[in-house]
Amino acid sequence: MIEGATGRNVYLPAGTNWIDFYTDQSYSGGQQITANAPLETVPLYVQAGSILPGGPLVQYIDQPALQLWTVDLYPGPDSSYTLYEDDGKSFDYANGHYLNTVITRSEQPQATTVTMVRTEGTWGPPDRAWTLNFHAAAVPSSINVNGTRVDAVASASALNTVLLGWFYDSNAHRLMVRLQDSPVPLQITISH
């Protein structure tokens, strides 16, 4: 980079839209853009429709399994992601002691649906929660998990105090849904 520069040219591959990781601004692929890129920020773009799971930083192998997963869901074509987990320290995965969870997202004109299904393996994670972050989202008219209506909470921090709830951040246009993990398939329906 050139000293003092705050932007750089970035080519976004054709065939899909790309979403700025930091601002949720959408760009068409197949073009070069000038990205905001001060020295401390790496330009980062997410393919439309992406499902990105994450959690807190794990510092060492014997750290307990994650108690809270976050899943960032970006608007775009229907998509799926398979999350693989095991105990992180043994070879028990070779005997089926692991877990695959398939997360799918589909959009229809009236609703967005996310399903979370444990599909393979015998490893049982500890009690834990999921926070689903829907980027560039509209205010929902209702949210249901497996047919049960989910109530809104007053703030994003209030999600940490409930087992099931949602909050819409109108400044960021981001919908956050908190729910408990379950061995039973979960279907989250967000009506628009």
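The values are calculated or read from the model by the stated rules, or taken from the named source; none is laboratory data. Note that the structure is predicted; figures quoted are calculated from it, not measured. FYI the Cβ positions are ideal-geometry reconstructions off the backbone, even for glycines, and counts take in every protein chain you see. What goes into the accessible areas is simple: the full protein's heavy atoms, side chains included, and nothing from ligands, DNA or RNA. Shrake-Rupley method; radii C 1.70, N 1.55, O 1.52, S 1.80 Å.
With respect to MET116, is the statement that it is touching a residue at least 60 places away in the same chain (Cβ under 8 Å) and out of contact with any Cys (no Cβ under 9 Å at 6 or more places or on another chain) true? So that I can check it myself, show each step before the final result.
Numbers: touching a residue at least 60 places away in the same chain (Cβ under 8 Å): yes; out of contact with any Cys (no Cβ under 9 Å at 6 or more places or on another chain): yes.
Spelling it out, MET116 is indeed touching a residue at least 60 places away in the same chain (Cβ under 8 Å) and out of contact with any Cys (no Cβ under 9 Å at 6 or more places or on another chain).
For the subset of the stretch 153-173 comprising residues that are among the hydroxyl-bearing types (Ser, Thr, Tyr) and not in a loop (DSSP other than H, G, I, E, B), which member is most open to solvent (accessible area, probe 1.4 Å)?
The qualifying residue most open to solvent (accessible area, probe 1.4 Å) is THR161.
Could you tell me which residue of the stretch 103-132 is modelled with the lowest pLDDT, considering only residues that are under 19 Å from the mean Cα position of the chain (by Cα) and of a type in the set (Gly, Ala, Ser)?
Looking at the filtered set, the residue picked out is ALA129.
Can you name the condition, by its number, that MET176 falls short on among (1) of a type outside the set (S, T, N, Q); (2) within 19 Å of the chain's Cα centre (by Cα); (3) farther than 27 Å from THR122 by Cα; (4) open to solvent by 40 Å² or more (accessible area, probe 1.4 Å)?
(4)
On the given criteria, is THR131 exposed (fewer than 12 other Cβ atoms within 10 Å of the Cβ), touching a strand residue (DSSP E or B) at 6+ places or on another chain (Cβ under 9 Å) and assigned to a strand (DSSP E or B)?
Numbers: exposed (fewer than 12 other Cβ atoms within 10 Å of the Cβ): no; touching a strand residue (DSSP E or B) at 6+ places or on another chain (Cβ under 9 Å): yes; assigned to a strand (DSSP E or B): yes.
When the stated conditions are applied, THR131 does not pass them.
Taking the criterion of being within 13 Å of the chain's Cα centre (by Cα), under 26 Å from ILE19 (Cβ atoms) and either in a strand (DSSP E or B) or not small (Gly, Ala, Ser) (or both), would at least one residue in the stretch 93-102 satisfy it? Walk me through it before giving the result.
So in the stretch 93-102, the residues within 13 Å of the chain's Cα centre (by Cα) come out as 102.
Then drop every residue that is not under 26 Å from ILE19 (Cβ atoms), which leaves 102.
Now drop any that are not either in a strand (DSSP E or B) or not small (Gly, Ala, Ser) (or both), which leaves 102.
Checking the stretch 93-102: at least one residue is within 13 Å of the chain's Cα centre (by Cα), under 26 Å from ILE19 (Cβ atoms) and either in a strand (DSSP E or B) or not small (Gly, Ala, Ser) (or both).
Could you say whether any residue in the stretch 140-152 is crowded, with 19+ Cβ neighbours inside 10 Å, at pLDDT 95 or above and assigned to a loop (DSSP other than H, G, I, E, B)?
yes
Condition check ((1) surrounded by 13 or more Cβ atoms within 10 Å (Cβ to Cβ); (2) over 19 Å from the mean Cα position of the chain (by Cα); (3) not in a strand (DSSP E or B)) across all residues:
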site	(1), (2), (3)
TYR11	no, yes, no
ASP24	yes, no, yes
LEU39	no, yes, yes
VAL58	no, no, yes
ASP62	no, yes, yes
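Residues of the stretch 179-192 being open to solvent by 20 Å² or more (accessible area, probe 1.4 Å), within 21 Å of GLN110 (Cβ to Cβ) and of a type in the set (Val, Ile, Thr), which ones?
Going residue by residue through the stretch 179-192, those that are open to solvent by 20 Å² or more (accessible area, probe 1.4 Å) are 180-185, 187, 189, 191-192.
Filter again for within 21 Å of GLN110 (Cβ to Cβ), leaving 187, 189, 191-192.
Result: THR189, single match.
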